[in-house]
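First up is the structure itself, then whatever we jot down about it.
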Amino acid sequence: MNVVIFGAPGSGKGTQSEKLIERYGLHHISTGEVLRDHIARKTPIGQIAKTYINQGQLIPDSLMIKILEEIIDNEPKAKEGVILDGFPRTIPQAEALNRFLAKRGQKIHHVVGLEVPEEELVDRMIKRGAQTGRADDNLETIQNRLKVYHESTTPLRDFYIKEGKYRPIKGSGSVEEIFGHIAEAIETATEKESPNF
Ligand code: AP5
Ligand code: MG
């Protein structure tokens, strides 16, 4: 099973990914974490990524797609099922992902869309910025991240609704409660698609 966890900055993609890994044994790929690791190691990709991340902008599609494809190709566990956290974020990324998986006889099964009111997103990220010092968790960058999300990433919701893969989830409440709704949505959709699964 391949799952995309989708949602605005601060919507709980990383938090709920951990629960999905525990329950379904999926391999987690967070493009944000991959890029932050490059920045920490001061790699050439990290040097490029830093300028975009610190402004709350997206890394260019061509580079991001290449990075993601290399990770999947080099990770044997990815064949058994992945959870993609933070990718795709644009229509070209989603189209590239479909082509890439189709070539390998694979596909995305579920897109879990965490829907959280904007004020709560901002509160969560400001709080995390104060606790962890994450570089893009300051008010100005948060506002840019949200703007970019509305402009470039929200069109993916319709893209995946058309593909019949979008599972909308209320992303506020306790972490356990939200995860309960995610598991129910995945299992109900899986049951409908293949009743003998
Ligand atoms: P990325 O790292 O993906 O960041 P993001 O999308 O902005 O999302 P966050 O990681 O901030 O939030 P999250 O949804 O994971 O929520 P979390 O569980 O942490 O991307 C960073 C940057 O990298 C991008 O801006 C871009 O520059 C670049 N990038 C990445 N992917 C890219 C791509 N595909 N293309 C181009 N550029 C790309 O939760 C947030 C906080 O809330 C935490 O403190 C958590 O503890 C708390 N929390 C979680 N759940 C709850 C709850 N139920 N109640 C209360 N608090 C909660
Ligand atoms: Mg995250």
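The values are calculated or read from the model by the stated rules, or taken from the named source; none is laboratory data. Keep in mind the model is a prediction, meaning the values are calculated, not measured. Note: ideal-geometry Cβ built from the backbone for every residue, glycine included; neighbour counts use all protein chains shown. We work out accessible area using only protein heavy atoms, side chains counted, and drop any ligands, DNA or RNA first. Shrake-Rupley method; radii C 1.70, N 1.55, O 1.52, S 1.80 Å.
Which residues, counting only those in the range 141-197, are basic (Lys, Arg), assigned to a helix (DSSP H, G or I) and under 20 Å from residue 117 (Cα atoms)?
First pass over the range 141-197, keeping only residues basic (Lys, Arg): 145, 147, 157, 162, 165, 167, 170, 192.
Filter again for assigned to a helix (DSSP H, G or I), leaving 145, 147, 157, 162, 192.
Listed by number, the residues that qualify are 145, 147, 157.
Could you go through the range 138-152 and let me know if any residue there is surrounded by 15 or more Cβ atoms within 10 Å (Cβ to Cβ) and either in contact with a Ser or Thr (Cβ under 7 Å, 6 or more places away or on another chain) or at pLDDT below 95 (or both). Quick ask: steps written out before the conclusion?
Taking the range 138-152 first, the residues surrounded by 15 or more Cβ atoms within 10 Å (Cβ to Cβ) are 138, 141-142, 144-146, 148-149, 152.
Remaining after also requiring either in contact with a Ser or Thr (Cβ under 7 Å, 6 or more places away or on another chain) or at pLDDT below 95 (or both): 152.
Looking for residues that are surrounded by 15 or more Cβ atoms within 10 Å (Cβ to Cβ) and either in contact with a Ser or Thr (Cβ under 7 Å, 6 or more places away or on another chain) or at pLDDT below 95 (or both), one finds at least one in the range 138-152, hence yes.
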How many residues, within the range 17-32, are within 11 Å of ligand 1 (Cβ to nearest atom) and either without any contact (Cβ under 8 Å) to a residue 40 or more places away in the chain or in contact with a Lys or Arg (Cβ under 7 Å, 6 or more places away or on another chain) (or both)? 1
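Would you call residue 68 near ligand 1 (Cβ under 8 Å from one of its atoms), touching a helix residue (DSSP H, G or I) at 6+ places or on another chain (Cβ under 9 Å) and in a helix (DSSP H, G or I)? Outline the logic, then answer.
On the way: near ligand 1 (Cβ under 8 Å from one of its atoms): yes; touching a helix residue (DSSP H, G or I) at 6+ places or on another chain (Cβ under 9 Å): yes; in a helix (DSSP H, G or I): yes.
So residue 68 fits the description; yes.
Does residue 50 meet the test of being among the basic types (Lys, Arg), open to solvent by 70 Å² or more (accessible area, probe 1.4 Å) and either within 16 Å of ligand 2 (Cβ to nearest atom) or assigned to a helix (DSSP H, G or I) (or both)? Don't jump to the end; show me each part of the working.
On the way: among the basic types (Lys, Arg): yes; open to solvent by 70 Å² or more (accessible area, probe 1.4 Å): yes; either within 16 Å of ligand 2 (Cβ to nearest atom) or assigned to a helix (DSSP H, G or I) (or both): yes.
Judged against the criteria, residue 50 is a match.
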Hey, can you tell me all the residues within the range 128-139 that are without any contact (Cβ under 8 Å) to a residue 40 or more places away in the chain and over 13 Å from residue 10 (Cα atoms)? 130, 131, 132, 133
Condition first: away from ligand 1 (no atom under 12 Å from the Cβ), open to solvent by less than 60 Å² (accessible area, probe 1.4 Å) and not hydrophobic (A, V, I, L, M, F, W, C). Can you find one or more residues in the range 113-123 that meet it? no
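Does any residue of the range 43-57 turn out to be farther than 21 Å from residue 165 by Cα, within 10 Å of ligand 1 (Cβ to nearest atom) and basic (Lys, Arg)?
As a first pass, look at the range 43-57 and keep what is farther than 21 Å from residue 165 by Cα: 43-57.
This time we only want the ones that are within 10 Å of ligand 1 (Cβ to nearest atom), so: 49-57.
Of the ones still in play, those that are also basic (Lys, Arg) are 50.
Yes, the range 43-57 has at least one match.
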Any idea which of (1) outside any loop (DSSP other than H, G, I, E, B); (2) near ligand 1 (Cβ under 7 Å from one of its atoms); (3) open to solvent by 70 Å² or more (accessible area, probe 1.4 Å); (4) of a type in the set (S, T, N, Q) is the one residue 93 doesn't satisfy? (3)
In the list 72, 21, 29, which residue meets the criterion of being buried (at least 18 other Cβ atoms within 10 Å of the Cβ), within 16 Å of ligand 2 (Cβ to nearest atom) and among the hydrophobic types (A, V, I, L, M, F, W, C)? 29
